[in-house]
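The values are calculated or read from the model by the stated rules, or taken from the named source; none is laboratory data. Owing to the predicted nature of the structure, the values given are computational and were not obtained by experimental measurement. No Cβ is skipped: glycine too gets one built from the backbone with ideal geometry, and neighbour counts run over all protein chains shown. Just the protein is used for accessible areas: all its heavy atoms, side chains included, with ligands, DNA and RNA removed. Shrake-Rupley method; radii C 1.70, N 1.55, O 1.52, S 1.80 Å.
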Amino acid sequence: ALPISKMASSGGLVAALLLLLCCCLLSPSVASGLDDIGLTGTCDGSAAESADGADGADGGAGCGCGAVGRDGKGPDGNSAAPPASSTATDHEAPEAAALVSLPGGEFVMGSDAGLFPQDGEASRKVTVSPFRISQYSTSNDRFAAFVEATGYVTEAERFGNSFCVEQFVSEEVSKHITQAVAAAPWWIPVNGTDWRHPVGPDSDLTGIGNHPVTHVSWNDAQAFCRWSTPGGRLPTEAEWEFAARGGLVGRTFPWGNKANPGGKHRMNTWQSSMSDEITKEHNAFKHSWLPTKDAHAFYSATNTAEDGYKTTAPVDAYEPNKYGLYNTVGNVWEWVEDWFTPDRSGLPTVNPRGPPSGDARLKKGGSFMCHTFTCFRYRVAARMFISQDSSAHNVGFRCAAEALGQDSQNAET
């Protein structure tokens, strides 16, 4: 795996300086492909800048989604306590879990488009057994029911902070912020931010109960899934991608290859008020080395919300795919079970689950922060790694489980 450089900050937050995780330089042969799918802009392997604005030699300014992470240390410098276990024996109602049964089978996961070779997107044929997966990302209301039933405390609450996008944090809170992620300064660590307070301690969940829960770590997500339904867990990457594709073969998005077919928005991504100014020539490589200051300006400009939402959207927004799943691309990144490796060639091809151990977990699907000018990972094949105790305003999850009748069999294997 690519190394991650870390920058320590208060509350144990760190920044992974290698922003190639979120934005890489595409080969010219790929550029024309963006027009083919109805997209313009760039997804560059851009030169990261140091904190004083000088161009750096490595990294790049993308959406910054790969730049936020933790080092496993709590605010006092000691290792953060493990998440509280779920002690309640009851589960949420099946209609709340909304698991759909999928038949599994053989399919091609990944992509050979050459967009992000360092991420290990290369295609491979795999087989997944029948399984169940939720139609929806887990909502704030469902997570609140879990916390009420179990007394669970998330890792962001234990750390005392989480990452927010600066333009959505109130002026009162912002004036006390003294740090930012050096390579992605629109991402800031905000004390008092957690799932109940998604954009700072003076925010709450009013009006967004049916939006995806955010500021949850991989560990938090697994704890919820275990409570949600018997045998509940996060989906494997292969299961997630099988479900997200909705039975389509070789398509970029869950519905096809056009981002906005017929001019209709099908997902929640970023529309910047400066997009036309920057990308007016529709040249994906006009800004092939995007300085951090330009990406910062991009994410400081207003999100015009042409898709209806400035940040998260309801978990049932837009049309579902053919398997009945909503928002598998855009809105929020979704944790999956697997450890990350960029080389999947030696992994099993039947029910693959990633390597047995690693330094970071995987997330899939992109988020409301995505735009082709900065980050083209809101595709079913895209993948990004992040430490499993990390949390941010654009990371959530959905749950999965074995097919009915297979729980005991899989528990033995």
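Taking all protein chains as present, what is the carbon and sulfur share of the accessible area of segment 201-258, in % to the nearest whole number, probe 1.4 Å? Walk me through the numbers before you get to the answer.
On the way: 930 of 1750 Å².
Ligands and nucleic acids excluded, carbon and sulfur reach 53 percent.
If you roll a 1.4 Å probe over segment 289-354 with all protein chains in place, what percent of the accessible area is carbon or sulfur?
Working: 1390 of 2630 Å².
Carbon and sulfur atoms account for 53 percent of the accessible area of segment 289-354.
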Quiz item: What ³J(HN,Hα) values, in whole Hz, does the Karplus curve 6.51 cos²θ - 1.76 cosθ + 1.60 give for segment 219-230 when θ = phi - 60°, with x put for Gly and Pro?
Solution: 4, 4, 5, 4, 4, 4, 5, 5, 6, 4, 8, x
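Beyond a 24 Å Cα-Cα separation, which of these cross-linked pairs lie in this structure: K175/K363; K125/K264; K125/K363; K310/K363; K125/K364?
Values: K175/K363 32 Å; K125/K264 32 Å; K125/K363 20 Å; K310/K363 21 Å; K125/K364 18 Å.
Table pairs above 24 Å Cα-Cα are K175/K363; K125/K264.
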Quiz item: Based on the mean of other beta carbon atoms within 10 Å per residue, what is the order of 109-117, 237-245, most packed first?
Solution: 237-245, 109-117
Exercise. Compute the distance in nm between two label points, each set 7 Å from the Cα along the Cα-to-Cβ direction, one at E106 and one at A93.
Key: 4.3 nm
Exercise. For segment 116-170, count all C-alpha to C-alpha pairs, find those more than 18 Å apart, and express that count as a whole percent of the total.
Key: 69 percent
Practice problem: For segment 312-413, just the Cα atoms, rotate onto the principal axes and tell me the three extents in Å, largest first. | Solution: 44, 31, 25
Quiz item: Put a dot 7 Å past each Cα toward the Cβ at Q118 and L347; how far apart are the dots in nm?
Solution: 2.0 nm
Quiz item: Hey, rough spin-label estimate for T302 and S273, points 7 angstrom out along Cα→Cβ, what's it come to in nanometres?
Solution: 0.4 nm
Quiz item: At a 1.4 Å probe radius, carbon and sulfur cover how many percent of the accessible area of segment 114-160?
Solution: 50 percent
